[in-house]
Structures are given as C-alpha cells and as structure tokens.
Amino acid sequence: MNNSFSNKNLKNLNSENLDWKEIQTQMKNKLGLEVYESWLKKINFVDEFNNYILLTVPTRFIRDWITSRYLDQILQIIKNHKKGIIRIEFKISDQNSEKDDKERKFTQSSENQENISFIKDSYLQYNRIDPNKRFDNFLTGSSNKLAYEASLKVTENISNYNPLYIYGGVGLGKTHLLNSIGLELKNNNKVMFISAERFMYQFVKSIKSNDMVKFKEYFRNTDILLIDDIQFMNGKEAMQEEFFHTFNALLDKGSQIIVSADRAPNKLPRIQERIKSRFSGGLVVDIQKPDYALRKRIVERKTEELNNFYSDQLKISSEIQDYISTEVTASIRELVGAINRIVSFSRIYKKTPNLAETKVILKDLLNLIENKVTIDLIQTLVCKFFKISKNEMLSSRRSRYLVRPRQTAIYLTKILTSKSLPEIGREFSNRDHTTIIHSVKTIEKLKEKDPEMTDNINKLKNQILYNSKDNEI
Ligand code: ADP
Ligand code: MG
C-alpha cells in the first residue's frame with residue numbers, strides 16, 4: 001500500500017508533460033460527449049511551454065467556436081493538472097483541407113505559411129506578423145487615438161519616439177498596433193516581433209544549448225524590435241541583464257524599439273528599475289476602453305465585412321448591432337468575439353439570432369445585466385418617453401395613446417428580463433397572460449412595418465440598459 005502510494009507520487013512529480021489523454025477524458029466528462037465528439041476531439045496537443053500550451057485544431061472555424069465557448073473550461077481542466085499554465089494557444093493544422101476554405105480566405109494570415117514542426121527551432125518562427133492587423137483596419141476613437149498616432153509616427157520617422165511604450169488592458173488593440181508597425185516596416189528593415197514570453201523561452205533555451213552568441217547576434221541585428229506583453233517578463237536576473245544590454249545596444253545603434261504592456265512602466269512588478277526607467281525614457285502612451293461610438297463603429301465595420309463576405313446570406317440586424325455595442329463593453333477583443341459568435345450561430349442554424357438568442361450566445365460576455373433590469377425601471381422610462389403617468393399605464397383604460405406605451409413596456413419587459421408571462425401580467429395590474437402575449441406579438445409586428453417604432457424601441461432599450469447599469473454602481 002505504502003509502496004504504491006509513493007510510486008504514484010513519484011510518477012506525478014516526474015511527469016513533466018501534460019497527460020493529454022487524461023485531459024481529453026476530463027473534457028468529455030465535464031463538457032459532455034456531444035460537445036466533445038463534435039468539437040473537442042479535434043484538438044491535438046503539440047507542446048508545452050513555460051506558462052502556456054500549444055494545441056492544434058483543424059480549422060479556423062473550429063478554433064473560433066472552441067475558444068468562444070469552451071476555452072475557459074478547458075483551461076481550468078488543464079490548470080488542475082498544471083497550475084503554471086495560464087493560457088492556451090491554438091494553431092490551425094489543416095491548412096490545405098478543402099473544407100472551410102471560405103473561412104480561410106476570409107481571414108488569411110501569415111499563420112498559413114507556418115510550419116508547426118519548426119516552431120521551436122527557428123527564431124524566424126517567432127516573427128509572426130499577421131497581415132490582417134493593419135493600420136488601415138484599426139479604427140480610432142478618443143480611447144486609442146494617441147497610441148495609434150504615435151505608432152504611425154514611428155513608421156514615418158524612425159527614432160522620433162524611442163522606445164515607444166504602449167500600455168492598456170487586455171484586448172484593447174496593443175498587439176494590433178505593434179503588428180501594424182511591423183507590417184509597415186518589414187520590407188525595408190529587419191523587424192523582430194516577439195512576445196516577452198517567447199523572448200524568455202528563447203533565452204533559456206539558448207543558454208541550455210550553449211547558443212548565447214547566436215541569440216545575442218540575432219537580437220542585436222534587428223532594426224525594429226517589437227516586444228509584446230512585457231509584463232510577462234519576470235525574474236531571472238541573468239535574462240534581465242541580457243535584455244537590458246540588448247536594449248541599450250539597439251538604442252545606441254539607432255534601432256527602434258516598441259514595447260507593449262498591460263500597465264505603466266513604473267507599475268511593472270519584478271522588472272529591474274533601470275529597465276523601467278529606460279521604458280519611461282521614450283514616449284509612453286496608453287489605450288483606454290472603447291467608448292460607445294467606437295464600439296458601434298467596430299461592430300458596424302466588422303458586420304459589413306462579414307456581410308460582404310457571405311454575400312448577403314447573413315444580415316445581423318441593426319437591433320442586434322446596437323445591442324452588442326451597448327452591452328459588450330469590456331474590450332475590443334470581446335466585441336469582435338461577440339460578432340464571430342453570432343456568425344457561427346447563423347451559419348449553423350441557418351438564420352441570424354434574435355435578441356433573446358443573442359443574449360444566450362453572448363451570455364458570458366455580458367455583465368448579466370438582465371437581473372438588474374427591473375419592471376419598475378422599464379415602466380418608469382417608458383412612461384417618461386411617451387409622456388404619460390404610471391397610473392395611466394397601469395390603468396385599464398384602452399385609449400390609443402395609452403395602449404401603445406403599455407404594450408411597449410410589456411414587450412420590453414419580455415425581452416429584457418427573464419420574467420414569465422404570468423409574472424409580467426401581475427406587474428401590469430394583473431393582466432392575463434394572453435394579453436401579455438398579444439402585446440408582445442403586436443409590437444413585434446409593428447416593428448417589422450414601422451421604422452419609427454423600431455427606432456423608439458431601440459432608444460428605450462438602450463436607455464433601460466444604460467440606467468440599469470448606473471443602478472449597479
Ligand atoms: P491586446 O493586444 O491589447 O490584448 P489585440 O491587439 O489582440 O489586443 O486586439 C484584440 C482584437 O481586437 C484583435 O482582433 C484586434 O484586431 C481587434 N482590435 C483591437 N483594437 C482594434 C481597433 N481599434 N480597430 C479594429 N480592431 C481592433
Ligand atoms: Mg496582445
């Protein structure tokens with residue numbers, strides 16, 4: 001007994017690599033056989049790095065589907081085996097397959113030329129510049145204008161701002177900007193685009209294989225060094241030492257350095273003071289969360305691209321576009337993710353989702369606002385909008401000027417809360433649930449015919465969502 005126990009322990013200690021079979025079994029158990037068979041089975045394990053793992057899936061579409069729905073749970077399962085893993089990276093393995101050809105054409109990227117088996121061995125493989133992330137498809141608003149302009153300046157006049165340090169929260173466009181700079185300059189300069197994580201990995205690997213000379217030479221030869229997510233560089237004095245010297249050598253010879261991070265230089269933990277002060281020595285710009293106007297433009301642009309691509313098979317209504325722009329506020333990545341989910345849904349069910357379905361599809365991206373929307377708030381705002389009193393709304397009078405607002409409030413209650421029909425009936429002076437259904441149907445029909453009605457409903461919906469958010473704080 002004792003023996004087997006200690007053997008087991010030993011095995012665990014020694015098992016450096018993830019047991020992918022075991023992870024698969026757990027995914028099957030946790031997420032269900034159907035999900036597993038249709039999607040997760042297609043994931044293959046490639047390699048494990050410092051704090052992330054590399055997996056492959058056959059197509060871009062499957063990757064998007066998996067990342068949008070199951071990534072968190074998969075990561076959790078993996079973390080239970082290996083605490084240190086903080087993210088998962090997917091590669092597309094089946095680049096030449098016939099199926100999903102359309103998706104591939106739509107989002108063609110440099111990844112297409114990458115050969116997975118080289119990824120560990122060649123510095124060049126780290127230089128992943130994505131042709132889809134360009135200046136011309138980076139939309140700007142007050143939240144990111146400065147960072148955009150500074151990045152553009154760097155490509156026009158190298159060494160004006162050196163280093164350029166861009167910081168901001170997750171999914172706000174830092175990598176997009178760094179990538180755009182690389183793309184713009186790579187034809188006439190030696191460009192190196194690398195994440196801090198990979199820099200560290202490469203560094204450690206070079207030490208182990210006695211390849212430091214090559215490592216140094218490689219980095220010190222670049223004209224443009226783009227380092228993404230510097231907050232992940234930590235500890236390891238020797239590596240910071242090397243980084244500092246590389247940094248200085250590059251600045252001395254007039255190379256341009258661009259760094260991104262999730263926080264300001266002085267807030268970086270575990271990074272030497274002298275490196276931080278180097279970062280602060282150039283231009284430091286930040287990116288803030290997008291405001292409504294920018295979110296709306298991003299949603300519109302992305303929807304337009306998709307509509308063109310699917311040659312009008314797919315129409316994401318302006319109602320849904322508004323809803324996404326209002327609700328998905330955390331980052332641009334989530335915004336883009338939200339639209340991709342709507343598209344996946346539409347393609348699978350051969351129809352675009354309505355508002356209720358959209359809420360389900362985007363559930364985890366939304367701030368679960370629905371619990372915060374109260375019937376009282378809806379009634380108050382609808383009354384204000386139509387300039388009637390609440391008593392009038394709740395009365396049994398059937399004058400036309402009261403009926404529409406009443407039906408509108410009932411309709412909005414149905415779509416913005418999870419209340420049942422009888423519950424809604426009770427809140428509207430004990431009306432019967434058939435009256436509630438009738439109201440909802442009437443408004444739905446009117447909306448189809450009457451653009452002004454649609455417009456009013458959208459305005460009201462936004463007001464309600466907006467105000468319920470204020471209540472939350
Ligand atoms: P970060 O590196 O800050 O986490 P990314 O650069 O990866 O964020 O951006 C997340 C996603 O949002 C990417 O798909 C990117 O192309 C898109 N994106 C970010 N900012 C913009 C923008 N201003 N205009 C268009 N797309 C954007
Ligand atoms: Mg990034």
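No value in this document is a laboratory result; all are computed from the given coordinates. Since the model is a prediction, treat every value here as computed from it, not as a measurement. Glycine also receives a Cβ, built like all others from the backbone with ideal geometry; neighbour counts cover every protein chain displayed.
Can you classify segment 408-473 as rounded, prolate or oblate using the Cα gyration tensor, where a ≥ b ≥ c are the square roots of its eigenvalues, rounded means a/c under 1.5, and otherwise it's prolate if a/b beats b/c and oblate if not? Taking the square roots of the gyration eigenvalues as a ≥ b ≥ c, segment 408-473 is oblate. The three principal axes of the Cα atoms in segment 121-242 give end-to-end lengths of 47, 31, 26 Å, sorted in falling order. Measuring from a point 7 Å past the Cα of residue 356 along Cα-to-C-beta, which residues in segment 410-435 have an amide N at less than 13 Å? Label zone hits: 411-422.
Work out the length of the dipole vector of segment 161-280 about its Cα centre, built from +1 on the beta-carbon of each Lys and Arg and -1 on the beta-carbon of each Asp and Glu, and round it to the nearest 20 debye. Once rounded to the nearest 20, the dipole reads 100 debye. For segment 291-350, the Cα gyration tensor yields ellipsoid semi-axes of 19, 11, 10 Å (square root of five times each eigenvalue, largest first, whole Å). Extension gain for residue 73 to residue 420 (0.36 nm times residue separation, less C-alpha to C-alpha distance): 121.9 nm.
Here the label points at residue 134 and residue 318, each 7 Å from Cα along the C-beta direction, are separated by 2.9 nm in the simple model. Modelled spin-label separation between residue 245 and residue 347, with each label point placed 7 Å from Cα along the Cα-to-Cβ direction: 5.0 nm. Using only side-chain charges placed at the Cβ, +1 for Lys and Arg and -1 for Asp and Glu, the dipole size of segment 374-473 relative to its Cα centre rounds to 340 debye.
Applying 0.36 nm per residue to the separation of residue 466 and residue 41 and subtracting their alpha-carbon distance, the gain on full extension is 148.9 nm. Couplings for segment 195-211, taken from phi via the Karplus curve 6.51 cos²θ - 1.76 cosθ + 1.60 with θ = phi - 60°, read 7, 4, 4, 6, 4, 5, 4, 5, 4, 4, 5, 5, 5, 4, 9, 6, 10 Hz in order; Gly and Pro are left as x.
If the label point is 7 Å along Cα→Cβ of residue 449, which residues in segment 391-410 have backbone nitrogen under 17 Å from it? It comes to 400-401, 403-405, 407-408, nothing else. Distance between the pseudo-spin-label points of residue 430 and residue 336 (7 Å out from Cα toward the beta carbon): 5.6 nm.
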